[in-house]
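Comments concern the structure below.
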Amino acid sequence: SVALEVVMDEGVSFMRCLLKFEREEGGGRSPDWWAGAPIEIDRLRPGTYDVYVETRDGDFELGRVSGVAVVAGETTRDARLAPLDLRGTAHTISLRVVRPDGSPWRRRNLNMRAPGHGRSFWEKTDDTGTVQLILPRVVSSLQVSIKEVGTVLVNVPTTSDGPIRVELAE
């Protein structure tokens, strides 16, 4: 097993992140959910692992520790994982997706892509047209689209007091 603690900024939900173990020899274990408290991950095969955290929204990697050795019958206590400090790597943003008249796009699938940061991902708006995301701080813009409606480029501020308005015409 591996003992670890992940530390993130206040307001970044651990439930919107994934804790993953990737075995250098092939295979791994993922995703693992955790509540932000110190934990031990057991049932790992002996070998050397990369331990990392990524966002559930878009699979953006927030931090990684490579070369964590797991030995059968022992608990690995690697100083790099006590704690794995990811403060300053991610933040929470809200988007409120509306039509030009201000009415929300309720329960609509949004396709999002952070230019220069990998593949696109899908999220669904709620009844108010709002979606909440955990994004790495290096993401400064998102392409937001609704199938057969259009695409808009949204600047992502590093701090936000409320939802970012995203207007998509029909």
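The values are calculated or read from the model by the stated rules, or taken from the named source; none is laboratory data. Quick caveat, the model's predicted, so the values are computed rather than measured. Every residue, glycine as well, gets a Cβ built from its backbone with ideal geometry; the counts of neighbours run over all protein chains shown. These accessible areas exclude ligands, DNA and RNA; they are computed on the full protein's heavy atoms, side chains included. Shrake-Rupley method; radii C 1.70, N 1.55, O 1.52, S 1.80 Å.
Might you let me know whether region 52-67 holds any residue that is β-branched (Val, Ile, Thr), touching a residue at least 24 places away in the same chain (Cβ under 8 Å) and either farther than 20 Å from Phe121 by Cα or part of a loop (DSSP other than H, G, I, E, B) (or both)? Steps first, answer last, please.
Taking region 52-67 first, the residues β-branched (Val, Ile, Thr) are 53, 55, 65.
The next check asks that each one be touching a residue at least 24 places away in the same chain (Cβ under 8 Å); those that pass are 53, 55.
Applying the additional criterion that residues be either farther than 20 Å from Phe121 by Cα or part of a loop (DSSP other than H, G, I, E, B) (or both) yields none.
No: zero hits.
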Counting only residues that are open to solvent by less than 40 Å² (accessible area, probe 1.4 Å) and assigned to a strand (DSSP E or B), region 83-130 contains a total of 15
Exercise for review: Go through the residues of region 68-81 one by one and say whether even a single one is assigned to a loop (DSSP other than H, G, I, E, B), without any contact (Cβ under 8 Å) to a residue 12 or more places away in the chain, more than 30 Å from Val149 (Cβ to Cβ) and not charged (D, E, K, R).
Suggested key: yes
query = Being of a type in the set (D, E, K, R), open to solvent by 20 Å² or more (accessible area, probe 1.4 Å), modelled with pLDDT of 95 or more and within 16 Å of the chain's Cα centre (by Cα), is that true of even one residue in region 63-76?
reply = yes
Looking across region 24-44 at residues that are among the charged types (D, E, K, R) and within 16 Å of Asp78 (Cα to Cα), the single one that is least open to solvent (accessible area, probe 1.4 Å) is Asp42
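Residue-wise test of (1) within 17 Å of Pro83 (Cα to Cα); (2) more than 21 Å from the chain's Cα centre (by Cα); (3) aromatic (Phe, Trp, Tyr).
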| site | (1), (2), (3) |
| --- | --- |
| Met15 | no, no, no |
| Leu19 | yes, no, no |
| Glu22 | no, no, no |
| Ala37 | yes, no, no |
| Arg43 | no, yes, no |
query: Within region 23-41, can one find any residue that is at pLDDT 90 or above and among the polar types (S, T, N, Q)?
result: no
Those residues of region 131-170 which are more than 18 Å from Glu54 (Cα to Cα), assigned to a strand (DSSP E or B), of a type in the set (S, T, N, Q) and within 19 Å of the chain's Cα centre (by Cα) amount to Ser141, Gln143, Asn155
Residue hits (region 7-23; within 19 Å of Ala69 (Cβ to Cβ) and open to solvent by less than 20 Å² (accessible area, probe 1.4 Å)) are Leu19, Phe21
Checked pairs for region 112-136, first basic (Lys, Arg), second outside any strand (DSSP E or B) and open to solvent by less than 40 Å² (accessible area, probe 1.4 Å), C-beta under 9 Å and 6 or more apart or across chains, list as Arg113/Gly58; Arg119/Gly58
Of Arg43, Arg87, Arg107, the only residue that is closer than 30 Å to Thr151 by Cβ and basic (Lys, Arg) is Arg107
The one condition Glu148 fails out of (1) among the charged types (D, E, K, R); (2) open to solvent by 50 Å² or more (accessible area, probe 1.4 Å); (3) at negative phi is (3)
